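Heads up: the structure comes next, in structure tokens.
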Amino acid sequence: MPAILRALGAIDIPVASAGIAGPNTTTWDYPINAWRQVIDVNLNDVYSCCRAVVPYMLRQEYGRIVSIASIAGKEGNPNAPAYSASKAGVIALTKSLGKGLSKHNIAVNCITPAACRTRIFDQMTQQHIDCMLSKIPRGRFVELGEIAAMVAWLVSAENSYTTGAVFDLSGGRATY
């Protein structure tokens, strides 16, 4: 981390947006190695990122952390147990860390988008993609620009109050 600080001067805004889908199969048929890989990338890597940057943010008494979870973390997707569980973990981590850092001018929030046409679709069956689309009342997938706009606000100085929150970009799919 010191090399990053030397190059950039500070760590103000990490956005954890990596994720993998894993196989589309039932929980009882899900390969244990695939389960571990999805949990490692989607949840443990977000934790590792936060663990690495928070000490620097605490010293500067400022930061904005945004994680990209998924509506699947709130509602679950059939035949995507590891993905759904990992994104639920990101939501819980966000809430915990947001509360823990609330007195330090460090906001920690996450976004739970519905599916977005990115390379993650290459990892899914067409049947799974069709199933996800059928659950979105807007009848379309979220656009990258819509996600970026939400991230831009969450990391801005305008967001001086919200922390530990979950922001849905679900096209009406979210029911709570």
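So, in nm, how far is label Arg6 from label Arg51 when the simple model puts each one 7 Å beyond its Cα toward the Cβ?
Taking the two extended label points, one gets 2.5 nm.
Counting Lys +1, Arg +1, Asp -1, Glu -1, what net charge surrounds Ile39 among other residues with beta carbon under 14 Å of its beta carbon?
Spelling it out: positives minus negatives among the neighbours equals 0.
When only alpha-carbon atoms are used, what values of Rg and Dmax, in angstrom, describe the stretch 3-97?
For the stretch 3-97, the Cα radius of gyration and maximum Cα-Cα distance read 15.3, 48 Å.
Name the most mobile residue of Leu43, Leu101, Leu144, meaning the one with the largest mean-square fluctuation, in a Gaussian network model of the chain with Cα contacts below 10 Å.
Highest fluctuation among the options: Leu144.
So if each residue of separation counts as 0.36 nm, and I subtract the Cα-Cα distance between Asp130 and Asn33, what length gain in nm does that give?
32.3 nm
Specify which residue in the list Pro78, Ile147, Pro31 is farthest towards the positive end of the charge dipole of the chain, using unit charges on the beta carbon of Lys, Arg (+1) and Asp, Glu (-1), about the Cα centre.
Value computed over the given set: Ile147.
If amide H atoms are built 1.01 Å from N in the plane of the peptide, which residues on other chains or at least 5 residues away come under 5 Å of the amide H of Lys135?
Close amide H contacts, sequence-distant or interchain: none at all.
What number comes out for the charge environment of Ile4, summing +1 per Lys or Arg and -1 per Asp or Glu over other residues with Cβ under 15 Å away?
Summing Lys and Arg as +1 and Asp and Glu as -1 gives +2.
How large is ³J(HN,Hα) for each residue in the stretch 99-111, as worked out from phi by the Karplus curve 6.51 cos²θ - 1.76 cosθ + 1.60 (θ = phi - 60°), to whole Hz, x for Gly and Pro?
5, x, 9, 4, 8, 10, 6, 10, 9, 10, 9, 9, 10
Which one, Ala148, Ala115, Ala107, has the greatest fluctuation when you compute a Gaussian network model over the chain with C-alpha springs under 10 angstrom?
Ala148
Straight-line reach from Lys99: which lysines have Cα under 20 Å away, leaving out those fewer than 8 places along the same chain?
In chain and number order, the partners are Lys74, Lys87.
What net charge do the residues around Leu169 carry, taking every other residue with its C-beta under 11 Å from that of Leu169, with Lys and Arg at +1 and Asp and Glu at -1?
On the way: positive: Arg138, Arg173; negative: Glu143, Glu146, Asp168.
Summing Lys/Arg as +1 and Asp/Glu as -1 gives -1.
What list of ³J(HN,Hα) couplings, whole Hz, do you get for the stretch 78-94 from phi and the Karplus terms 6.51, -1.76, 1.60, once you set θ to phi - 60° and write x for glycine and proline?
Running phi through 6.51 cos²θ - 1.76 cosθ + 1.60 with θ = phi - 60° gives x, 6, 9, x, 5, 4, 4, 5, 5, 6, 5, x, 4, 4, 5, 4, 4 Hz.
I want to verify a result. In a Gaussian network model of the chain, Cα cutoff 10 Å, which of these has the top mean-square fluctuation: Glu75, Glu146, Glu158?
For the chain, modelled as a Gaussian network with Cα springs under 10 Å, the answer is Glu158.
Name the long-range amide H neighbours of Leu169: under 5 Å, sequence gap of 5 or more, or other chain; modelled H, no Pro or chain starts.
Here the answer is Thr112, Ala114, since their amide H atoms fall under 5 Å of that of Leu169.
Within the stretch 6-24, name every residue whose backbone N is under 20 Å away from a label modeled 7 Å from Cα of Ala152 along the Cβ vector.
Answer for this model: 12-17.
Relative contact order for the chain: what is it in percent, counting Cα pairs under 8 Å that are at least 6 residues apart?
Rounded, it is 25 percent for the chain.
So what are the three principal axis dimensions of the chain from its Cα atoms, in whole Å, longest to shortest?
47, 35, 28
Just so you know, all these numbers are worked out from the coordinates, no wet-lab data involved. These figures come from a predicted structure and were not determined experimentally. Using ideal geometry, Cβ is built from the backbone for each residue, glycine included, and neighbour counts are taken over all protein chains shown.
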